[in-house]
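Notes follow once the structure below has been shown.
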Amino acid sequence: MQLHDYMRYIDLGCWMACIPRYEWSGRRTEGKPYTWERKALLVVGIIFEIYQIFGVIIYWYRNGRKAEDTATFVTEGSEMCGSLMLTSVGFANVYALIKNRSQIEGMFKELQEIYPQPRDRHYRCQHYYDVAMLIMKGEFVFYMIFYVYYNSAPLMLLLWEHLQEDQSLSFKTQTNTWFPWKVQGSALGFGVAILTIAIASFVGVGFSIATQNIVCIFSFQLKLHYYGMASQLLSLDARQPRAHEQLKNLIAYHSRILRIGDEFNQILNFIFGSSLVGSTIAICMTSVAVLLLDLASAFKYMSGLIAFVLYHFVICYMGTAVTAAWLGIVTYFYLFGRKEKDAVRFVTGLSEMCGSLMLICVAFINVWGLTRNRPQIQSVFAEFQVLYPKPKDGHYRTQHYLDVALFTMKCQYLLYIVFFLYYNGAPLLLLLWEYLMDRENMKYRTQTNTWFPWKVNGSALGFGLAIFVQGLASVVGVAFSLKSLNIVCIFTFQLKLHCDALASQLLRLDSRLPGSYQKLKVLVIYHGRILDIGDQVNQIMNYYFLGSLIFSTIAICMTSVAILLLDLASAFKYVSGLVAFVLYHFVICYMGTAITAAEL
């Protein structure tokens, strides 16, 4: 393996970004000139990215800030912040890679000079090459899927609305951006707007791929050299002749690796800083938008949220992987985390603690809310039983709503069972892996960083008891969470069933027929009864919804920060929690929106 063998996916990113591939002495020349067409497309893409930053702000100023109800205002503000951070971080990548191009090529030249020769047996070249290429391939495929979905979603939505003849066309673009031409109702204006955003995102995604690949290559090259140096130090024998000379060479080699690492940090400091600030704001605000939006828009922003989390997790994980080559990790917050002097580790411990604490708080709210309101919930079920349509009632789409409700609850059940098994099985799998690989340094990690009044680390009995306690607590929490979601789901679809039937009967009511006045009175009473049940549902769930919104917002934000800064195993465990959190509250908010829409 040679350094230029790593460059396949970074070259593809440079091609998308419309910039020349990275060249240095020692790399084979490509033979393809950098054409003026690609340069022009780069300039156009950058202009469109800059315009989009201002277009998002103008759109919110002209439309979003004028929203009358609180939910719409918060949604518009969250969408604006999320889109603005997405574009801003993309532009930061553009700026950093263009400004530091010569330094990046200089870094590649240095890495080429110290790249191990085929005869050097101290280096695991093939291993690090395979891992790096796998990561870069995964990133490239994911961002291609994200780009295609993100830019085709508005066209698919427009086609769907066109096929539904009773639905007006919304002409929604990828992001809420103001354009100085007519977009709403104009096929040409809508097409130009879509093309503008697509070109900007094409260049932005190309620069994002290039950035991540640069970080990936630098990280694995540094890890390769750290491992090679450690291997040579271990094999050094002071009794052999020239051992002193070999040690001097290794010290010089170590110094050169550290200097390359410092240069690497100086080049990418701006990207890391802007990414951390932008991603924290974007993940928090996009999560809020996902919870409050309609289903189509929520799925579009969900893809952006996942892309953001992956993008910054990869960057932070790579940085952590390089640091972890010669530093340890501190675990618990109160006993150890709060005493941590390193800012990154302190924030990591604090974020883990807050995320886990909010998870437990939401579970406790479910337990408290369902236990306290059990009589009222049973009363509402009794009301629904009385109102439930008889088989001869032709105005009710009973089977349709039953199928949708059961499908929704089945999906929720499967997701939370998978989450529960993974979340509680991960510590055991990690312990088994450590036992097989290095039984002397087993870490005995539980699901969450929790203090117990007995010995856990190094004690199989204490560790097993801790796992059992946390597993039992999570069984109760997951069961009550599923119960809450299912109750909300049933309430929602029952109200939609009755609202749909009421609308159907009102549409078929003919005032010329005898008995129509009496039938109208019955429908008005029926409507009043539906609204009364809706009020009861709101009274039961009001505090529950409020607590869930507050704790989930904190949890999503803090868990996202923890994911960005943690090691790979812990990060994947918290990713599952983050996805479960987002889905949990999206379902609740979506169901609430569905009830409101049905009643209106």
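We did not get these values from a lab; they are worked out from the coordinates using the rules stated. Please read all numbers here as calculations on a predicted model, not as lab measurements. We place every Cβ from the backbone using ideal geometry, glycine too, and count neighbours over all the protein chains shown.
Could you tell me whether segment 152-243 comes out rounded, prolate or oblate from its Cα gyration tensor? Rule is a ≥ b ≥ c as square roots of the eigenvalues, rounded for a/c under 1.5, then prolate if a/b exceeds b/c, otherwise oblate.
In terms of gyration-tensor shape, prolate.
Take the cross-link list Lys455/Lys483; Lys172/Lys410; Lys66/Lys483; Lys39/Lys137 and give me the ones stretching past 28 Å between alpha-carbons. Please report the intermediate quantities before stating the final value.
Numbers: Lys455/Lys483 35 Å; Lys172/Lys410 31 Å; Lys66/Lys483 38 Å; Lys39/Lys137 26 Å.
Violating the 28 Å limit, Cα to Cα: Lys455/Lys483; Lys172/Lys410; Lys66/Lys483.
Net charge near Lys39, counting Lys/Arg +1 and Asp/Glu -1 over other residues with Cβ under 15 Å of its Cβ?
Working: positive: Arg21, Lys32, Arg38, Arg101; negative: Glu37.
Charge balance near Lys39 sits at +3.
Would you please give the FRET efficiency between Arg374 and Val579, computed as 1/(1 + (r/R0)^6) with r the Cβ-Cβ distance and R0 = 30 Å, to the nearest 0.05? Don't jump to the answer; show the numbers that get you there.
On the way: r = 30 Å, r/R0 = 0.99.
Approximately 0.50, to the nearest 0.05.
How far is the Cα center of segment 17-63 from the Cα center of segment 510-532, in Å?
After rounding, the separation between the Cα centres reads 63 Å.
Applying 1/(1 + (r/R0)^6) with R0 = 56 Å to the Cβ-Cβ distance of Val524 and Tyr227, what FRET efficiency is obtained, to the nearest 0.05? Can you show the working numbers first?
Details: r = 78 Å, r/R0 = 1.39.
E between Val524 and Tyr227, to the nearest 0.05, is 0.10.
Between segment 180-255 and segment 479-501, what's the alpha-carbon centroid distance in Å?
Result: 48 Å between the Cα centres.
Which of rounded, prolate, oblate describes segment 1-82, given a ≥ b ≥ c as roots of the alpha-carbon gyration tensor eigenvalues and a/c under 1.5 marking rounded, otherwise prolate only if a/b is larger than b/c?
The shape class here is prolate.
For Leu188 and Val44, what is the calculated FRET efficiency with R₀ set at 22 Å and r taken between the beta-carbons, to the nearest 0.05?
FRET efficiency, Leu188 to Val44: 0.70.
Taking 0.36 nm per residue of sequence separation and subtracting the Cα-Cα distance, how much length would be gained by fully extending the chain between Arg239 and Arg65, in nm to one decimal?
Gain in length upon complete extension: 55.0 nm.
Rounded, prolate or oblate: which fits segment 99-168, taking a ≥ b ≥ c as square roots of the Cα gyration tensor eigenvalues, rounded meaning a/c under 1.5, else prolate when a/b beats b/c?
Cα axes put segment 99-168 in the oblate bin.
Segment 1-95: which GluC sites (Glu not before Pro) are DSSP loop and have at most 16 other beta-carbon atoms within 10 angstrom?
Numbers: sites: Glu23, Glu30, Glu37, Glu49, Glu68, Glu76, Glu79; in loops: Glu23, Glu30, Glu68.
Answer in residue order: Glu23, Glu30, Glu68.
Compute the length gained on full extension between Tyr95 and Leu472: take 0.36 nm times their separation in residues and subtract their Cα-Cα distance, giving the result in nm to one decimal. It would help to have the intermediate numbers written out before the result.
On the way: separation 377, 0.36 × 377 = 135.72 nm, distance 5.05 nm.
Extra length from Tyr95 to Leu472 when fully extended: 130.7 nm.
Putting +1 on Lys and Arg Cβ atoms and -1 on Asp and Glu Cβ atoms, find which of Trp24, Asn63, Asn100 reaches farthest to the positive end of the dipole of segment 1-123.
Checked the options; the winner is Trp24.
Want the number for Asn269 to Ser152: 0.36 nm per residue separation, take away the alpha-carbon distance, what's left? Provide the component values of the computation, followed by the final result.
Numbers: separation 117, 0.36 × 117 = 42.12 nm, distance 3.40 nm.
Residue separation times 0.36 nm, minus the Cα-Cα distance, leaves 38.7 nm.
Of the listed peptides 486-498, 99-111, 504-516, what is their order by residue-averaged count of other C-beta atoms within 10 Å, with the highest listed first?
486-498, 99-111, 504-516
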